[in-house]
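Presented below is the structure to which this report refers.
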Amino acid sequence: MIPAYFLYLVFYLGRIIKEKILSPFTLITACVIIIISTLITTLFNSYKKRFEKDDYIISFYEDSKFITTETKVSCYNYLGETSSNIFLFDIETKESKIVYKENITDLKIKTKTNIDKCIMEIQNTFIVKNFIEMINSAVRFL
């Protein structure tokens, strides 16, 4: 969300100041913001998948063996799935596990947290509040 505000700010400044020097600057700045934001997001998500437990609790039986991603029971993280497989990552042994869906019975998926709660916490942080106020005052000024 914040990179989108930065891109809009750069674009808006480019529209206000219509000099030819600013046009390449606007394009370069927008590209740099996108690249840095993508890099930070990718590194953060990679770190989180490898070293921290997921918000999803997935439980199932594979050939009568119980497998779960619940924190108290195992160290598996849910990575994703295809039409025929489920991919899990063990954060202790740093190994991936591929489970064939045809061997699965009694699959249950639930989430531990509410995404709306996380969004509200982010919106209530000091930095985001000040940034939104800055954007609103800039819009009122123009």
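The values are calculated or read from the model by the stated rules, or taken from the named source; none is laboratory data. Model, not experiment: these values are computed from the prediction. Cβ: placed from backbone, ideal geometry, glycine included. Neighbour counts: every protein chain shown. Only protein heavy atoms, including side chains, enter the accessible area calculation; ligands, DNA and RNA are left aside. Shrake-Rupley method; radii C 1.70, N 1.55, O 1.52, S 1.80 Å.
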Query raised in the report: Say we look at segment 73-104 and pick out the residues that are open to solvent by 50 Å² or more (accessible area, probe 1.4 Å) and assigned to a helix (DSSP H, G or I); which of these is nearest to SER59 (Cα to Cα)?
Result: LYS101
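I'm trying to understand the selection: among the residues of segment 63-114, which are aromatic (Phe, Trp, Tyr) and within 23 Å of the chain's Cα centre (by Cα)?
Of segment 63-114, the ones aromatic (Phe, Trp, Tyr) are 66, 76, 78, 87, 89, 100.
Answer for segment 63-114, where residues must be aromatic (Phe, Trp, Tyr) and within 23 Å of the chain's Cα centre (by Cα): TYR76, TYR78, PHE87, PHE89.
Pick from LYS65, LYS18: which is modelled with pLDDT under 70 and more than 30 Å from ILE127 (Cβ to Cβ)? Before you say what the answer is, go through the steps one by one.
Numbers: LYS65 fails: modelled with pLDDT under 70.
When all the criteria are applied, what remains is LYS18.
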Query raised in the report: Give me the pairs: first residue in segment 118-142 and over 17 Å from PHE11 (Cα atoms) and open to solvent by less than 60 Å² (accessible area, probe 1.4 Å), second residue among the acidic types (Asp, Glu) and assigned to a helix (DSSP H, G or I), beta-carbon distance under 9 Å, and six or more apart or on different chains, which are they?
Result: none
